[in-house]
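Readers should treat all values here as calculations from the given coordinates under stated rules, not as data from a laboratory. What you are looking at is a predicted structure, and each value in this text was computed from that prediction instead of being measured. Here the Cβ positions follow ideal geometry from the backbone for every residue, glycine too, while neighbour counts run over all protein chains shown.
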Number of protein chains: 2
Amino acid sequence: MAAPQPKYDVFQAIADPTRRQLLSLLSEQEMPVTVISDHFPMSRTAVSKHLRILAEAGLVKDRKVGRETRYRLESEPLQELKRWLSYYERFWDNKLSMLKHYVESDSTEEAERYGKLEVMKPSHHNE
Amino acid sequence: MAAPQPKYDVFQAIADPTRRQLLSLLSEQEMPVTVISDHFPMSRTAVSKHLRILAEAGLVKDRKVGRETRYRLESEPLQELKRWLSYYERFWDNKLSMLKHYVESDSTEEAERYGKLEVMKPSHHNE
DNA sequence: AAAATATGAAACCATTTGGTTTCACTTTAG
DNA sequence: CTAAAGTGAAACCAAATGGTTTCATATTTT
C-alpha cells in the first residue's frame with residue numbers, strides 16, 4: 001500500500017557536484033552509462049549509482065535501446081526548486097519589503113518578541 | 001595564504017530539510033539560538049551546528065547582542081542557485097527549444113554521436 | 001556457439017553527516 | 001559576588017554517502 005516514497009528529493013539530488021555535472025551533460029543529449037562515465041574520473045558503477053539517485057528524484061529518465069540503457073534529463077522536478085526559491089527572491093529583489101522586514105524586527109520590544117510569531121507551520125516554502 | 005574556502009556551498013546547505021526550515025524561520029525575523037531551537041525537535045547544539053553550516057554557505061549572518069547571538073537570513077547566496085536553475089528553465093519553459101533538442105539527439109547516427117560533443121567544459125551551469 | 005559489450009546488484013569500506021552529552025566561558029540578573 | 005542564561009567547542013556515535021571490486025545477466029557481434 002504505502003507509496004514507496006522516493007528516498008531522494010530534488011534538493012538532495014542536486015547537492016552533489018557530480019550529479020549536477022551529470023544533469024549538465026545529459027541536458028545536451030541522451031546517453032548510455034558507458035559513454036557518460038567516460039566523462040568522469042570514477043568507475044562506471046559509481047556513475048550508475050548517481051544516475052539512480054537522480055532517477056529517484058525524477059531528474060533523469062532512461063530507456064532501453066538494445067543492450068544499452070540511455071539516460072536523459074527530465075527537468076520538470078526542478079520546478080519545485082524554482083518554487084522554493086521564489087519565496088526568497090523577494091529578499092533580494094524587493095528592496096522595499098526587505099527594508100520593511102528589517103525595521104520591524106529591530107523596533108520590537110525584547111520580551112515576548114519571538115513568542116508572538118506564527119512560525120514553522122509547514123507551508124509551501126518551509127521545505 | 002590560501003583562502004580558507006568554505007566547506008559548504010549553497011547546494012549542500014539547502015539539501016537538509018532542517019536547514020531549509022531554519023531559513024524559513026529566520027526569514028521572518030532575527031533570532032537567538034535558544035529561541036530558534038524551541039521550534040525544532042533536536043538539541044540546541046544540533047541547531048547551532050546547522051546554523052554554522054548555513055553561515056559557511058553565507059546564508060545566515062549573526063551579531064552579538066549582549067549575551068545572545070542573533071541569526072538572520074542572508075538570501076544573497078541563493079542567487080547562485082537561481083542562476084544555476086535558469087539554465088534548465090529553458091527545458092520546461094521553452095517547448096520549442098526542448099523539441100529541437102529532442103529531435104536533434106534522435107536523428108543522429110549511432111557511431112560517433114557522443115564523441116562529437118564538447119561536453120563537461122566546466123562552464124556557468126556545470127556546477 | 002563463443003566472445004565481447006553494457007549494465008545492474010551486492011558486498012565492502014572510509015568518510016561525512018546529523019545528533020547527543022558534557023564542559024568551559026561570557027554576560028546579565030539578583 | 002553568585003547564580004542563571006546563552007553559546008560554542010569537543011568528544012562520541014550510528015547511519016548515510018560516495019566509491020570500489022566482483023559477479024551475474026542480457027544483447028550483440030563474429
| remark: Reported set for the stretch B:20-41 where residues are closer than 16 Å to A:Ser86 by Cα and within 12 Å of DNA strand C (Cβ to nearest atom) is B:Arg20, B:Gln21
| remark: Subset of the stretch A:38-54, residues more than 7 Å from DNA strand D (Cβ to nearest atom) and aliphatic (A, V, I, L, M), comes to A:Val47, A:Leu51, A:Leu54
| note | Taking first residues from the stretch A:39-52 that are within 19 Å of A:Arg63 (Cα to Cα) and second residues anywhere that are outside any helix (DSSP H, G or I) and near DNA strand C (Cβ under 9 Å from one of its atoms), the pairs with Cβ under 6 Å that are 6 or more apart or on different chains are A:Leu51/A:Tyr71
